[in-house]
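The values are calculated or read from the model by the stated rules, or taken from the named source; none is laboratory data. Only a predicted model underlies this, so the values are computations on that prediction, with no experimental measurement involved. A quick note on method: Cβ atoms are made from the backbone with ideal geometry, for glycine too, and the neighbour counts reach across all protein chains shown. Each accessible area value is taken on the protein alone, full model and side chains, heavy atoms only, with ligands, DNA and RNA left out. Shrake-Rupley method; radii C 1.70, N 1.55, O 1.52, S 1.80 Å.
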Amino acid sequence: MLRNGETGDWIGTFEGHKGAVWSVCLDSNALRAASASADFSAKVWDALTGDVVHSFEHKHIVRACAFSEDTLLLLTGGVEKVLRIYDLNRPDAPPREVDKSPGSVRTATWMHSDQTILSSCTDMGGVRLWDVRSGKIVQTLETKSSVTSAEVSQDGRYITTADGCMVKIWDANHFGLVKRYNMPCTVESASLEPIYGNKFVAGGEDMWVRVFDFHTGDEIACNKGHHGPVHCVRFSPVGESYASGSEDGTIRIWQTGSLTHDSEPIAAHGSIGKVKPSTEDISRKIGGLHITEDSKIKAKETEIEQQG
């Protein structure tokens with residue numbers, strides 16, 4: 001599902017998977033989307049029309065997908081323990097495979113201008129860095145628990161990971177541990193503020209979304225409203241808000257601004273999607289991105305709770 005990041009308004013729904021969707025992403029131009037699914041496939045979508053552009057079949061559940069920075073490649077990984085790289089200019093060509101992953105792939109992303117792949121496994125600790133040219137593991141960042149979230153900062157300086165009750169910040173170039181903080185509960189996801197890097201957000205089993213000071217680890221804000229474990233948190237590209245996705249079936253968008261304890265989400269409301277938005281409305285909301293009249297994206301009546 002595609003929504004306006006500022007308001008939460010529904011834009012469109014990508015329909016075609018026959019199993020749970022484990023991972024989604026947009027390319028750097030927001031022109032294409034990719035998804036990884038339990039139906040043993042990864043799909044690339046036209047983000048303007050909702051059409052499936054490519055469907056890449058796998059032999060087992062696909063847990064992770066990521067566009068390269070130059071948008072030319074798609075990385076996938078999953079239960080097969082194989083990281084695959086698809087050339088989107090040659091979608092019919094066999095994908096390139098790097099060395100077999102030591103475990104089922106949970107997360108996968110690019111770094112170092114598409115020269116390195118970062119991945120973690122569902123059944124073992126550690127984050128592994130793969131050299132794209134050689135296809136070999138060149139570094140492992142050791143963790144006791146399996147890493148459920150791994151994010152490369154926008155400026156490429158830091159890697160933020162969540163494992164067990166720990167959030168760790170790593171140097172993305174020298175791979176040393178910069179910060180490590182014990183969290184109040186088992187955390188599923190963490191994200192570093194992208195512009196100033198002076199705070200990070202984390203969410204997990206206790207259903208609360210917390211903001212911490214990067215330098216001290218002090219809690220800045222505690223956002224309550226979800227009614228289930230929080231599986232994913234991410235800052236917006238310019239850091240003015242962050243989103244949280246929960247097992248309770250809702251996504252909430254929280255304002256970064258002058259945060260206080262028990263902040264309320266700014267965009268977690270509305271029964272949206274009954275009527276297809278007009279091209280003008282969508283263009284205004286997302287700076288030129290629009291869904292054409294003959295779009296195959298179908299409106300879905302979707303409700304995001306305003307508050308608990």
For the range 63-80, pairs from a residue that is of a type in the set (Phe, Trp, Tyr) to a residue that is in a strand (DSSP E or B) and open to solvent by less than 10 Å² (accessible area, probe 1.4 Å), with Cβ under 7 Å and 6 or more apart or across chains, are Phe67/Ala34; Phe67/Leu74
For the range 43-59, check the following and say yes or no: at least one residue is under 15 Å from the mean Cα position of the chain (by Cα), open to solvent by 70 Å² or more (accessible area, probe 1.4 Å) and among the acidic types (Asp, Glu). no
Of all residues making up the range 22-42, the number that are under 14 Å from Thr76 (Cβ atoms), open to solvent by 40 Å² or more (accessible area, probe 1.4 Å) and assigned to a strand (DSSP E or B): 2
